Structure formats: C-alpha cells, structure tokens
Amino acid sequence: MTEKRNGAKEFYPVLLVTMIVTLSMTALIIVNSITLPLIEENRKAVFNEKLAEMFGEMDDSEHLEELDVYIVKDGAGDVVGYAFTVIGSGYGGDIDMLVGIESDMATIRGLSVITHSETPGLGAKITEPWFQEQFQGKDINALALSVNGGDIDAISGATISSSAVVDAVKETVLAKIAELQSEGVP
Amino acid sequence: MGRVLETFINGITKSNPTFILLLGLCPTLAVSTSLDNAIGMTAAVMFVLIASNITVSIIKKFVPSMVRIPTFIVIIATFVTITDLSMQAYLPSLSQSLGIFVPLIVVNCIILGRAEAFASKNSVKDSFADALGIGLGFGVAIFIVSFIRQLLGTGEMSLFSWVLFKVPGLSDNPMAIFILPMGAFLVIAFLLAMFRYMGVMEGE
C-alpha cells in the first residue's frame, strides 16, 4: 500500500513538468504560426532594401525561384550583376547574408549581413562596414581569410564567425554561378 | 492595499534590481546605448516578468520543490520566445538593435530571481505588484543610464528617430567613449556611487 503511494508521488513531478512543457509548446506553436509569415515578410523587405543599396543603378531585378538567384538589370535591360542569399553557420546560429557579384560572375559587388545571432562585441562585428567592405572588388575564386593566404582580415577573437562568412560566401556563390552557367542564364 | 503598494514601490527604490540588488547588469550595460533600446528592453523585460510572476504564483501550490527551477525556466523561456517572435514580427528594427539580448532575457537573473524569491511564496496580487515594481525599477535604471550615455556619446537626444534636442558643441564632437561598452561601466559606477553617497537608495 505504502509502496504504491510512493510510486505515485515520485511520478507526479514528471507528469507535471511534461504537462507544463506540452502547454508551453502549444502556446509557442500558435505564436509561431502567427508571426512566421510576418517575420518572413520583414526579412524580404530588408533584403530588397539592401539589394537596391548595393546595385545603385538597379531598375529591375528578376528572381529565379528554383536557384534563388536575383538577376539585376539596368534601365536598358542589360545585366549589371547577380545577387544571392547565402546562409553560413556561425558561432551562435545561422548568418543570413546577401552577396552581390558583377556581371563578370567573378568580382564581388558587395556583402551585407541581414540577420545573425553572433556574440555582441566579437562575432557581431561581421555587420560592421569595415568587415563587409573588404569583400568589395575581390575575386570570388580567390576569396580567403588572410591567415589562409587570402586578403580578408578576420575579426580578432571571432575566427569562427569570420571564416563562416568567408567559407559560406565562397562555397554558395561558386555553386550558384556553376548552376547559372550550366543553365545558360545571361 | 498598503502592502501591495509597498511591494510595488520597493521594487523601484529599496530593492531596485539594478542599483540596489545589482541584478541583470548585463542587459543594462549592453543595450543602454540609446533611449529607444532602453524603452524596448524595459517593455520586453516587464512583459516577461509580469507574465512569469503571475504564472509562477498561480501554480506554486502544485509544483514540488524538486522540479521548481526547471518549471520556472520553461515558463520564463516560453514568455521570452513569445516576446522575441512578436518583436521580430511587429517591431523588426527594434528587434534588430536589441539583437541577442531579447532571447537572453531567459537567463536574466531578475526574472528567475523574482520567481524564486517572491512569486513562489506570495499571492498573485502581490506577485503582480512586485513584477510591476521591479520591472519599472529596471526601466528607470536603464533609462537613466541610456539618457546619460546617449547625451554624452552622441551629443543629441532622440526618441524613435525624432530629435528632441542637440547640445551645441557636443553634437559635432561627441564623447564616443560613452557609447562604447566602457562608457556603460563608467556611468553605472558613478551612478551607484552617487546614490550610495546621497543615501537615496539605501539597501536593506
């Protein structure tokens, strides 16, 4: 008899915590389903704003859905460059970036971090202009941190964040360029 | 009623989380670069504090002390995530400038501290008053620090991209050190020393 009571007593905290976790998960699922489309929309707005900033003379951009590539065109309809979304895995989570390249498919036009969750004061410096401006005019094929023989200076104390950006940019952009060329896109 | 009011006022003065209890200094130091951040952070902390204090106070009878802390953390984390997602959806620019400090409210010792030290022992009404007082106390503190840092560090006062006033001379050559992390330590240290000297905020 006493044994049974003890058993129930020991089981109670487990049941309670399970119940609380279930309740909080339900609440979060509801909140997430409401906010997710809005967050996506905000992200897109920031992306478009940065895209317009990067390609000053942009008049038109075409989005290839299946490749997730933006082909940026000027007023005359000529291609001035391409833009890609690049997701790198940083120290604190995904680093979501916009990378633009010139129409030669090699020179980097610019890099802009859209969202990240790196450590403030260290990895979060990837959002600072001096870091992002280093990428301008560099050849994508030779992109590397200066410790690896390239000419991108890493952020001191934030090697993981710095190399996450460089590696993800190089890998993703080269892969997308190859896909673009194989599909024969202008 | 007197007790509720006293609990509320204590949160701002006698047990001010920042200046007396010295709790939750990390967000205070980090996001107090502008008044906008201070207001946004206060709103987020207040919401989480009130919601978690009330919830903890309601369920305190059912929670065995063995699983107390995990339960509180789950409750706090839920409210913080709700706050974070709503901010990202409705106030994207504020969410961008507060960055990681919104999700970090989960481990803010003010919130867990009040759940553990107050809400788990007191009635819902008192816990609400305590959360409101402590939340406002945190707000007042971060507001004062931000005001000084923004004033000296940028030379102008602005609120939600609406410039209130500029200090002649200072706005051309602002003392940028106050915007940097070091400025936060300096300002908080001087404020603490000043409050102690004046005896305005004598601890218990």
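The values are calculated or read from the model by the stated rules, or taken from the named source; none is laboratory data. Please read all numbers here as calculations on a predicted model, not as lab measurements. Here the Cβ positions follow ideal geometry from the backbone for every residue, glycine too, while neighbour counts run over all protein chains shown. Accessible surface areas use protein heavy atoms only, side chains included; no ligands, DNA or RNA. Shrake-Rupley method; radii C 1.70, N 1.55, O 1.52, S 1.80 Å.
Could you work out how far apart the two model spin labels at A:GLU62 and A:LEU174 are, taking each label as a point 7 Å from the Cα in the direction of the beta carbon, and quote it in nm?
With each label point 7 Å from Cα toward Cβ, the separation is 2.7 nm.
Please report the antiparallel percentage of the DSSP beta bridges confined to chain A, to the nearest 5.
Beta bridges within chain A, antiparallel portion: roughly 95 percent.
Going toward the positive end of the dipole of the range A:1-54, with +1 on Lys and Arg Cβ and -1 on Asp and Glu Cβ, which of A:ILE29, A:PRO13, A:VAL46 do you reach last?
In the range A:1-54, that residue is A:PRO13.
Run the quick spin-label model on B:VAL124 and B:ARG68: label points 7 Å from Cα toward the beta carbon, then report their separation in nm to one decimal.
Rounded to a tenth, the inter-label distance reads 2.2 nm.
Tally Lys/Arg at +1 and Asp/Glu at -1 over every other residue whose Cβ is under 13 Å from the Cβ of A:SER146; what's the total?
Local charge sum for A:SER146: -1.
Just from its helices, what would the mean residue ellipticity at 222 nm be for chain A, if runs of 4 or more DSSP H residues each count -39500 (n - 2.57) and the sum is divided by every residue, rounded to the nearest 500 deg cm²/dmol?
Rounded to the nearest 500, it is -16000 deg cm²/dmol.
List the residue ranges in chain B for DSSP H helices whose C-alpha atoms run 18 angstrom or more along the long axis and whose Kyte-Doolittle average is 0.5 or above.
Those that pass (Cα extent of 18 Å or more, hydropathy at least 0.5) are B:35-59, B:68-90, B:124-154, B:181-198.
In square angstrom and rounded to 100, what buried accessible area do you get between chains B and A, total over both, with the probe at 1.4 Å?
Values: alone 10340 and 10970 Å², together 19700 Å².
Summing both sides, the interface buries roughly 1600 Å².
What FRET efficiency comes out for the pair A:VAL21/B:ASN173, r = Cβ-Cβ distance, R0 = 56 Å, nearest 0.05?
Numbers: r = 54 Å, r/R0 = 0.97.
Given R0 = 56 Å and the Cβ-Cβ separation, E is 0.55.
Please give the FRET efficiency for B:LEU164 paired with B:LEU91, using the beta carbon to beta carbon distance and R0 = 25 Å, rounded to the nearest 0.05.
0.75
Once both axes come from the Cα atoms, what is the angle between helix A:2-54 and the longest principal axis of chain A, in degrees from 0 to 90, rounded to 10?
20 degrees
Just to confirm, what accessible area per residue do you get for the protein assembly as shown at 1.4 Å probe, in whole Å²?
Dividing the accessible area of the protein assembly as shown by its residue count gives 51 Å².
Rounded to a whole number, what % of the accessible area of the protein assembly as shown do carbon and sulfur atoms account for, probe 1.4 Å?
Within the protein assembly as shown, the accessible surface is 64 percent carbon and sulfur.
Compute the helix-to-body angle for A:159-183: its Cα long axis versus the longest principal axis of chain A, expressed 0 to 90° and rounded to tens.
Compared with the principal axis, the helix lies near 60 degrees.
Would you mind calculating the gained length between A:ILE87 and A:THR119 on full extension (0.36 nm times residue separation, minus the Cα-Cα distance), in nm to one decimal?
Values: separation 32, 0.36 × 32 = 11.52 nm, distance 1.72 nm.
Here the segment from A:ILE87 to A:THR119 would lengthen by 9.8 nm.
Just check the range B:81-204 against the gyration tensor rule for me: Cα atoms, a ≥ b ≥ c as the square roots of the eigenvalues, rounded for a/c under 1.5, and otherwise prolate or oblate depending on whether a/b exceeds b/c.
Cα axes put the range B:81-204 in the oblate bin.
Would you mind getting me the FRET efficiency between B:CYS26 and A:GLU53? Use the beta-carbon distance for r and R0 = 51 Å, nearest 0.05.
With R0 = 51 Å, the Cβ-Cβ based efficiency is 0.95.
Looking at chain B, how many pairs of lysines come closer than 22 Å at the Cα, when each pair is eight or more places apart or spans two chains?
Values: B:LYS14/B:LYS121; B:LYS14/B:LYS125; B:LYS60/B:LYS121; B:LYS60/B:LYS125; B:LYS61/B:LYS121; B:LYS61/B:LYS125.
The result is 6.
Across 10 Å bins from the origin, how do the percents of Cα pairs in chain A run, short distances first?
8, 29, 26, 15, 9, 6, 4, 2, 0
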